[in-house]
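Participant: One structure is given below, represented as structure tokens, and several questions about it will come after.
The values are calculated or read from the model by the stated rules, or taken from the named source; none is laboratory data. Model, not experiment: these values are computed from the prediction. Cβ placement follows ideal geometry from the backbone for every residue including glycine, while neighbour counts extend to all protein chains displayed.
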Amino acid sequence: MTPESPGSARVPEVPGPVRQPAPPGGMLRALLGLPVQLYHAHLGVLLGRRFLLLVHTGRRTGIKRETVLEVIRYDPVAREAVVAAGWGRRTGWLHNVEAGLAREVWIGRERFVPAYRVLAPDEAERLFADYERRSRLGAPLVRAVISRLVGWRYYGTQASRRRVVEQLSLVGFRPRTLN
């Protein structure tokens, strides 16, 4: 049966809008918070530049928050780490950062007060494609995690990659300059 024939079970590569899952809670949230303890024990260096710890203040509560994020790309010249907002515009830490409440970033042996930028879709798509190329061995896992985050099946094609970066937002953190 060809994809165009009647009764075909063809699944569209980039489906229509679906509801993105809510951020984790309970035990999963506690488990995902364990890397924070590495940073508190001054062992964050073990995570290298693959992860960073973002320290920020809750915009509604005023409570100190700490979030470990996977680094999609690190540029040692610009000292910029790019991460994905896993729940897109609903991501709490992104709201706090945009409200000017990012206090500190820890990455490798470095700690700094961050400046941030939200990457344009073209740059984000290019960096995300590079991240996938560097993660070839884990590609099935990367695709499964991305699919879970966005709420639809991610195939790793250019069209679906574009949709992912538009839905998740990629954010770059670098040391704030005193200008």
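Participant: Considering each residue of the range 149-160, count those that are exposed (fewer than 14 other Cβ atoms within 10 Å of the Cβ) and in a helix (DSSP H, G or I), and give that number.
Facilitator: Adding up the residues that qualify gives 2.
Each row is one residue, and each column tells you yes or no for (1) surrounded by fewer than 20 Cβ atoms within 10 Å (Cβ to Cβ); (2) more than 21 Å from residue 51 (Cβ to Cβ).
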residue	(1), (2)
89	yes, yes
108	yes, no
115	yes, no
142	yes, no
145	yes, no
170	no, no
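Participant: Mind checking whether some residue in the range 132-144 is out of contact with any Asp or Glu (no Cβ under 8 Å at 6 or more places or on another chain) and either acidic (Asp, Glu) or at pLDDT 95 or above (or both)?
Facilitator: The answer is yes; a qualifying residue exists.
Participant: For residues that are in a loop (DSSP other than H, G, I, E, B) and within 16 Å of residue 91 (Cα to Cα), tally how many sit in the range 32-69.
Facilitator: Summing the residues that are in a loop (DSSP other than H, G, I, E, B) and within 16 Å of residue 91 (Cα to Cα) in the range 32-69 gives 5.
Participant: Let me ask something else. Please give the number of the condition residue 116 fails out of (1) out of contact with any Pro (no Cβ under 9 Å at 6 or more places or on another chain); (2) of a type outside the set (Lys, Arg); (3) in a helix (DSSP H, G or I).
Facilitator: All conditions pass for residue 116, except number (3).
Participant: Continuing with this model, one more query. Restricted to the range 119-140, and to residues that are aliphatic (A, V, I, L, M) and not in a loop (DSSP other than H, G, I, E, B), which residue is surrounded by the most Cβ atoms within 10 Å (Cβ to Cβ)?
Facilitator: 124
Participant: Let me ask something else about it. Go through (1) in a strand (DSSP E or B); (2) surrounded by fewer than 21 Cβ atoms within 10 Å (Cβ to Cβ) one by one and return the number of the condition residue 95 breaks.
Facilitator: Checking residue 95 against (1) in a strand (DSSP E or B); (2) surrounded by fewer than 21 Cβ atoms within 10 Å (Cβ to Cβ), the one that fails is (1).
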